[in-house]
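Participant: Structure in C-alpha cells, see below.
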Amino acid sequence: MTKHILWTSEEVSQILNAKSKTAWKATGVSIDTRTIEKGDIFVAIKGDRFDGSEFVKEALLKGAVAAISEKKIDGVKKDASVLVVDDALEALVKLAKARRENTKAKLIAVTGSVGKTSVKEAIRAVLEDQGETYANKGNLNNHIGLPLSICRMPKEAKYGVFELGMNHAGELSHLTAILRPHVAVVTTVEAVHLEFFDSVEGIAEAKAEIMEGVDKKGSVVLNRDNAYFPILKKKAASLGIKDVRAFGRHKDAKYRLIDTTITPQGIKVEADIGGEKLKYQLKTFGTHHAQNSVAVLAAISAAGANIEKATKTLGKITAEKGRGRLHHLKLGGKVFTLIDDSYNASPASIRAGLEVLSTLKKISGGRTVAVLGDMRELGDESEKLHKSLIGDVVDNKIDRVYCAGNFMKYLFDGLPKGKQARHATEPLALLGILERQIENNDIVMIKGSNGTGTWKLVDALIADADEAKMK
C-alpha cells in the first residue's frame, strides 16, 4: 500500500519554530519505538513513567526521519534531525491544529457512554466507500491519542472520523477544541464513569462538551430516546448550533427507527431518514445496532455523503472483536454460538446484550448462557447497579449465568438458583467449568469491562474449540 507524505521538514520546522538539520518527508508519526516504522517522525513525549527522549536514538536507528524532543540528544549522527522543543506533547498538538487548519476533509467526532467505537467504525466503513477516509484506531481517543491521530490524517482525505473518549469533566472540551469537527455525534448517555461524577446528569454535561468545537454552521447528532437529550439539546442551543439531528424511535426524531425484524442473518431495518423511508439489512443482532445505524446515517448525511450507498455498506459490516462478534464453535462434539462482547460493559450495554441473547434464542431454540465480568468505574453505585441487572436476566429468560468478580457476586447471589451456574474471582477461572457444561446449540455471551480480562476467557475458549459451520 502506497504511503502518503504527511509532513515535510519545512512544514514541521515552521510550525514548531525548531530547526531541522536535513530535509525530509515523513510518511507517519509515532510516539512508541516498539511500533515505529521507517519514515516516521518520532515525538518523544514525557510521561509519568517514561521519558520519550530516552528512546530517540532507537527511533532514529529504526528509520525515523526525524525526532521531536525536549532535550538535545548526544550520540546521534551529526546529520540526525532532532527538533528540540519546550514541550513535546504541546508540539504534537500544534501539528494537529495545523493539519486541522489546512485539511479539506469533513470531520466527524463521536462520543457516548455506549456504542461510540462501533458507531465510529460504521461511519468509517460507510465513508470509505465514498471517498478517502481516515479514522483514529483503537483507544487513540484521549489527550495524546487524538492529536497523534490527527497528525496521521493524510492531506488527501475527504473524510475524517474520530472517536473522542472521556471519563472526567473538561476532557472533551480540550479534545474538541483541537479537532473542531463539522459534525459531532453523542450516541447515548448512561451510568458509566460514575466513579468520577456525582450523577448521570453530570456525565451528560461532560458529553455535551463535544459540541463546543463545532462551528455554528455545523451539525450535532443526538439520541432523542435518551433521558438526557434535553441537556444535550440545551447545550447545542447555547452554542448557537441550529442543525440538531435527533435519531431514535421517538416520534419527533427526524432520523427515526421505525421497525426491526430479526432474521438468522441479522436485522432488517426500516427507518425514516430525514423524510425518506428506507429499508436495509444489518449483519449484527440487537436493536441497539439498528438504533446506531440510524445515528450513522444522520451523521454521514450531515457530512454530505450518499445515504443510499451508505445503507448498502451497512449491510456488509460485521461486528468487531470484543464488540459482539459471533463465532460458531465446536467443542467436545457440541456445536455452540459464542458472542464475543468482552471489550467493555456498562448497565446499558449488558441489558442490550441480554436482549440479543433472548432474540437469538427465539431463532435457534438453544439455551442462553451469559458470562458476566465486573462493570468498572461505577463508584459508590457499583453494588446497586450490578444488582439492578437481576431483573433483566429474569425478564430475558436467560438460562444459565456465570459471573466473575467481586461486584458480579451481587448479581449472582440475587439470581434464582436455577440460573446460577458458577461464580469466580476472575473470568479465566470459569473456563474449565464452562467448557464442561456447554450443551449443543447453546448461545454463549461473554461480557465485562476490559480491565476484568473477560477477553482472556474468549481467547481461551476459541483456542480450545474448532470453528463450526452455521446451519
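The values are calculated or read from the model by the stated rules, or taken from the named source; none is laboratory data. A quick note: this is a predicted structure, and the numbers were derived from the prediction, not measured. Note that we place each Cβ from the backbone using ideal geometry, even for glycine, and neighbour counts take in every protein chain shown.
Participant: Having 1 or more residues that are over 22 Å from the mean Cα position of the chain (by Cα) is the bar; report the strands (runs of 3 or more DSSP E) wholly within region 212-285 that clear it. Reasoning before the result, please.
Facilitator: Numbers: elements: 219-223, 243-248, 255-263, 266-273, 276-282.
Of the strands (runs of 3 or more DSSP E) lying wholly inside region 212-285, those with at least 1 residues that are over 22 Å from the mean Cα position of the chain (by Cα) span 243-248, 255-263, 266-273, 276-282.
Participant: Sticking with this structure for a sec: Give me the pairs: first residue in region 290-305 and within 17 Å of LYS316 (Cβ to Cβ), second residue modelled with pLDDT under 95 and part of a helix (DSSP H, G or I), beta-carbon distance under 9 Å, and six or more apart or on different chains, which are they?
Facilitator: ASN292/SER118
Participant: Within 24 Å of ILE462 (Cβ to Cβ) and in a helix (DSSP H, G or I): is that true of SER358 in this structure? Explain how you work it out, then say what you get.
Facilitator: Numbers: within 24 Å of ILE462 (Cβ to Cβ): yes; in a helix (DSSP H, G or I): yes.
Considered against the rule, which asks whether it is within 24 Å of ILE462 (Cβ to Cβ) and in a helix (DSSP H, G or I), SER358 comes out as yes.
Participant: Looking at the structure I just gave you, is ASN292 buried (at least 21 other Cβ atoms within 10 Å of the Cβ), under 25 Å from ALA246 (Cβ atoms) and assigned by TED's automatic domain parsing to the domain that holds GLY218? Full working, then the answer.
Facilitator: Details: buried (at least 21 other Cβ atoms within 10 Å of the Cβ): yes; under 25 Å from ALA246 (Cβ atoms): yes; assigned by TED's automatic domain parsing to the domain that holds GLY218: yes.
Against the criterion (buried (at least 21 other Cβ atoms within 10 Å of the Cβ), under 25 Å from ALA246 (Cβ atoms) and assigned by TED's automatic domain parsing to the domain that holds GLY218), ASN292 qualifies.
Participant: Just the residues that are outside any loop (DSSP other than H, G, I, E, B), in contact (Cβ under 8 Å) with a residue 60 or more places away in the chain and either of a type in the set (S, T, N, Q) or surrounded by fewer than 22 Cβ atoms within 10 Å (Cβ to Cβ) (or both), please, taken from region 158-193.
Facilitator: THR176, ILE178, listed by residue number.
Participant: Collect the residues in region 359-374 that are surrounded by 17 or more Cβ atoms within 10 Å (Cβ to Cβ) and modelled with pLDDT under 95, keeping them in residue-number order. Spell out how you get there, then give the answer.
Facilitator: The initial filter retains those residues of region 359-374 that are surrounded by 17 or more Cβ atoms within 10 Å (Cβ to Cβ), namely 359-361, 366-374.
Across region 359-374, the qualifying residues are THR359, LEU360, LYS361, GLY366.
Participant: Select from region 119-157 the residues that are more than 16 Å from LEU314 (Cβ to Cβ), free of Cβ contacts under 8 Å to residues at least 60 places away in the same chain and part of a helix (DSSP H, G or I) and list them in ascending order.
Facilitator: Across region 119-157, the qualifying residues are GLY145, LEU146, PRO147, SER149, ILE150.
Participant: Separate question: Tell me, which strands (runs of 3 or more DSSP E) wholly within region 1-118 include 2 or more residues that are free of Cβ contacts under 8 Å to residues at least 40 places away in the same chain and either at negative phi or under 26 Å from the mean Cα position of the chain (by Cα) (or both)?
Facilitator: Numbers: elements: 28-30, 40-43, 66-69, 82-84, 106-111.
Result: 40-43, 66-69.
Participant: Just to be sure I understand the filter: pairs with C-beta atoms under 9 Å, separated by 6 or more residues or on different chains, first member in region 331-350 and in a loop (DSSP other than H, G, I, E, B), second member among the basic types (Lys, Arg) and at pLDDT 95 or above. Which pairs pass?
Facilitator: Final answer for the pair search is GLY332/ARG436; SER342/LYS447; SER342/LYS456; TYR343/LYS447; ASN344/LYS447; ALA345/LYS447.
Participant: Another question, then. Considering only residues that are among the basic types (Lys, Arg) and touching a helix residue (DSSP H, G or I) at 6+ places or on another chain (Cβ under 8 Å), look in region 368-408 and name the one that is nearest to ALA429 (Cα to Cα).
Facilitator: Filtering region 368-408 for residues among the basic types (Lys, Arg) gives 376, 384, 387, 397, 400.
Applying the additional criterion that residues be touching a helix residue (DSSP H, G or I) at 6+ places or on another chain (Cβ under 8 Å) yields 376, 387, 397, 400.
Numbers: ARG376: 19, LYS387: 22, LYS397: 25, ARG400: 17 Å.
Looking at residues that are among the basic types (Lys, Arg) and touching a helix residue (DSSP H, G or I) at 6+ places or on another chain (Cβ under 8 Å), I get ARG400.
Participant: Return yes or no: is ALA429 without any contact (Cβ under 8 Å) to a residue 60 or more places away in the chain and either surrounded by 20 or more Cβ atoms within 10 Å (Cβ to Cβ) or more than 26 Å from the chain's Cα centre (by Cα) (or both)? Lay out the reasoning, then the answer.
Facilitator: Numbers: without any contact (Cβ under 8 Å) to a residue 60 or more places away in the chain: yes; either surrounded by 20 or more Cβ atoms within 10 Å (Cβ to Cβ) or more than 26 Å from the chain's Cα centre (by Cα) (or both): yes.
Yes.
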